[in-house]
Amino acid sequence: VVKAFEMEITPAERVVAQIGDTLILTCNTTGCASPSFSWRAQMDNPLGGKVSNHRTYSTLTMNPVSIVNSHLYICSVMCDEKEKKQKHVKVELYSFPSDPIIEIKPSLVAGELATVICKIPDVYPSDHLEVLLKKDEHVLHREDFLQGDSTNTETKIVRYKFHLMAEDIGKEITCVARLPIANMDFEPKERTSSQKLNANFGPQNTIITASPSNSPMEGGSLNLTCVTQSNPPPQIVWSKYLAKESIQHLIKNNVLSIPHVHFNDSGLYICEVINLVTNKTEKATVDIVIQGAPVITKLSIEPSTTVQEGENVSIQCSAESNPPPKIILRRKSDNADMGPYGARSILLPSVTFQNGGDYECVAENKFGNSKSEITLNVKYGPKNTMITVIPTAALKEGETVTMKCTSSGNPAPVISWNKKKATGESEKISKNATLTIQNLKSQDLGLYECEAYNQFGKEEKAVKLYVQARLEEPDQMIPLIIAFSSVAAVAVPAVAILIYVSRQAKINGSYSLVKALRLKV
């Protein structure tokens, strides 16, 4: 069966091509052993492509497709120089090669005017172009390019100005470009691009939050957080007002953390926020008041805890707390206030040994109390030196007498006994406070002196001892008479016999052996 001569062109009749792409038109034959091909453009325009002939088909390649290829192309085939056939295909062109390009000018600062620029590159035909500008889903601007007879691709630009607000940060500006050409089948016919708004603004609305509160308890934790609105994120500097309007710089962080607060952490804290892009600064302050039970910060004795009798002494007590404490300063042994509530120092002019002892400072408020003690040590010379004689009744020869010397002083006095000799010299007879004379004899008579001594002075007391020997009659015994005399005139009780004999002899503190015998006979 012999096939009839036929031809076809592909794509057939009509083809849509994008400028810049590659387009191949193919002319095929059947039923012809040696076909001859020719290509031409309508109105004898240049082909704008490359022809390649093969045995049974021919191609016209346009690489790349350009605006000159927008024609009707005709393929003619001569079979054996006898029969000629031709067919045509219309090449329709468009250009929509890439997504829009978005620019936002200038460097954005909230509250200022911003310009959005949307560029749609290499569009053809541009008179069909539609452009939408949106902020999130809100349409800001629409522009249709209805006029234009350009014979080449164009880059179309859409501009729109608006006031950028801080709340716009993070929202998307979207440029939607559409190229709806009737009866032209190509994809995509819509292209979009988006850019997030990132305006520079602030700092603004700066505040400080305190956790757990502006008045935390002493010993607890405190976190101060500086909260602000700023883009880009700001530099944050913490500081604290000190006395005389000076400022103590702390840390560069949005959170100032104090793990264990003390009363001296109270004060005015400043958070300074600096945006280096907008060159703006904002400050916030918070007043922190630490609450808690009192803490005694000072309990001292001036000039020293150890003083000499007669010096001026000041006892000072200080405590800190919030609310302010009531202070009681007292000597513990007295259990009485040395000063009124709130006293910070007590003055003891010309201190005496009675002022020595333990002093207590008590500070209290509604949260509790605190106590502290200090000891005042008053150094003084011997005082109140006394001699005690045992027994106090009349003694008989041969018995034992004990004389005990006591004295107060700080440091404790050293006590010794001396005995006056007939020559008037003193002989040290004991370094003990107690002097015991056994088997009392007449030769033990004399003046006995007790001396109390320390580095701050000395004090002496004396006792004069008279001893009466036995009478020759064995059944009669003359009592031993003890008389006392004292440097400090210390009164020592005497028995009735002593008083009686003293009066009869008309002497004080002495006894006459001869007179006593006469009275007794």
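Checking R178 against (1) among the basic types (K, R); (2) touching a Ser or Thr at 6+ places or on another chain (Cβ under 9 Å); (3) surrounded by 15 or more Cβ atoms within 10 Å (Cβ to Cβ): exactly one of these is not met. Which one?
It is condition (2) that R178 fails.
Check whether at least one residue in the stretch 270-278 is open to solvent by less than 30 Å² (accessible area, probe 1.4 Å) and aliphatic (A, V, I, L, M), and report yes or no.
Looking for residues that are open to solvent by less than 30 Å² (accessible area, probe 1.4 Å) and aliphatic (A, V, I, L, M), one finds at least one in the stretch 270-278, hence yes.
Within the stretch 117-130, take every residue that is part of a strand (DSSP E or B) and touching a Lys or Arg at 6+ places or on another chain (Cβ under 7 Å) and give me the one that is farthest from T151 (Cα to Cα).
Looking at the filtered set, the residue picked out is I117.
Could you tell me which numbered condition N264 fails, if it satisfies all but one of (1) open to solvent by less than 80 Å² (accessible area, probe 1.4 Å); (2) in a helix (DSSP H, G or I); (3) not aliphatic (A, V, I, L, M)?
The single condition N264 does not satisfy is (1).
Of the conditions (1) out of contact with any helix residue (DSSP H, G or I) (no Cβ under 9 Å at 6 or more places or on another chain); (2) open to solvent by less than 70 Å² (accessible area, probe 1.4 Å), D185 clears all except one; give me its number.
Single failed check for D185: (2).
Hey, could you check the stretch 435-455 for residues that are assigned to a strand (DSSP E or B) and hydroxyl-bearing (S, T, Y) and say which is surrounded by the fewest Cβ atoms within 10 Å (Cβ to Cβ)?
By that ranking, first place goes to T436.
Pick from K283, K298: which is at negative phi, in contact with a Ser or Thr (Cβ under 8 Å, 6 or more places away or on another chain) and either assigned to a loop (DSSP other than H, G, I, E, B) or in the same structural domain as L250 (by the TED database) (or both)?
After applying the criteria, what remains is K283.
What pairs come out if I take residues in the stretch 302-321 that are touching a residue at least 12 places away in the same chain (Cβ under 8 Å) and open to solvent by 50 Å² or more (accessible area, probe 1.4 Å) and pair them with residues that are part of a strand (DSSP E or B) and acidic (D, E) whose C-beta lies under 8 Å away, six or more apart or interchain?
Cβ pairs passing all conditions: Q316/E302.
Of the residues L222, L256, L268, which single one is more than 28 Å from K366 (Cα to Cα), of a type in the set (A, V, I, L, M) and out of contact with any helix residue (DSSP H, G or I) (no Cβ under 6 Å at 6 or more places or on another chain)? I'd like the intermediate steps shown before the answer.
Numbers: L222 fails: more than 28 Å from K366 (Cα to Cα); L268 fails: more than 28 Å from K366 (Cα to Cα).
None of the others qualify; the one that does is L256.
Can you name the condition, by its number, that E190 falls short on among (1) crowded, with 17+ Cβ neighbours inside 10 Å; (2) under 13 Å from D99 (Cβ atoms)?
Only one criterion is unmet by E190, namely (1).
Scan K82, K119 and give me the residue that is free of Cβ contacts under 8 Å to residues at least 40 places away in the same chain, of a type outside the set (S, T, N, Q) and either touching a Pro at 6+ places or on another chain (Cβ under 8 Å) or open to solvent by less than 50 Å² (accessible area, probe 1.4 Å) (or both).
After ruling out the rest, the residue left standing is K119.
If I filter the stretch 221-234 down to residues being touching a residue at least 40 places away in the same chain (Cβ under 8 Å) and surrounded by 15 or more Cβ atoms within 10 Å (Cβ to Cβ), which single residue comes out as farthest from T278 (Cα to Cα)?
L222
Restricting to the stretch 233-247, name every residue that is modelled with pLDDT under 80 and part of a strand (DSSP E or B).
Passing the criteria: only I247.
In the stretch 151-188, which residue that is β-branched (V, I, T) and part of a strand (DSSP E or B) is farthest from H141 (Cα to Cα)?
Here the residue is T155.
For the stretch 248-261: of the residues being in a strand (DSSP E or B) and under 11 Å from the mean Cα position of the chain (by Cα), which is nearest to G368 (Cα to Cα)?
Ranking the candidates gives I258 first.
Considering only residues that are in contact (Cβ under 8 Å) with a residue 40 or more places away in the chain and not acidic (D, E), which ones fall in the stretch 122-134? Lay out the reasoning, then the answer.
Step one: of the stretch 122-134, the residues in contact (Cβ under 8 Å) with a residue 40 or more places away in the chain are 122-125, 128-134.
Matches in the stretch 122-134: V123, Y124, P125, H128, L129, V131, L132, L133, K134.
Which pairs do you get when a residue that is under 16 Å from R14 (Cα atoms), found in the stretch 51-71, comes within reach of a residue that is assigned to a helix (DSSP H, G or I) and open to solvent by less than 40 Å² (accessible area, probe 1.4 Å), reach meaning Cβ atoms under 6 angstrom, with the pair 6+ apart or on two chains?
M62/N69
Which residues, counting only those in the stretch 385-415, are assigned to a strand (DSSP E or B) and surrounded by fewer than 18 Cβ atoms within 10 Å (Cβ to Cβ)?
Within the stretch 385-415, the first condition is being assigned to a strand (DSSP E or B), and the residues that meet it are 385-390, 395, 401-410, 414-415.
Matches in the stretch 385-415: M386, T388, I390, T402, K404, T406, S408, V414.
Can you tell me which residue within the stretch 199-208, out of those that are surrounded by 14 or more Cβ atoms within 10 Å (Cβ to Cβ) and out of contact with any helix residue (DSSP H, G or I) (no Cβ under 6 Å at 6 or more places or on another chain), is nearest to I290 (Cα to Cα)?
That would be I208.
Collect the residues in the stretch 51-109 that are modelled with pLDDT of 90 or more, in a strand (DSSP E or B) and among the β-branched types (V, I, T), keeping them in residue-number order.
Result: V51, T59, T61, I74, V77, V89, V91, I101, I102.
The values are calculated or read from the model by the stated rules, or taken from the named source; none is laboratory data. As the structure is a computational prediction, the values presented were derived from the model and not from experiment. Reconstructed Cβ throughout: ideal geometry from the backbone, glycine too, with neighbour counts over all protein chains shown. Keep in mind that these areas ignore ligands, DNA and RNA; they rest on the heavy atoms of the full protein, side chains included. Shrake-Rupley method; radii C 1.70, N 1.55, O 1.52, S 1.80 Å.
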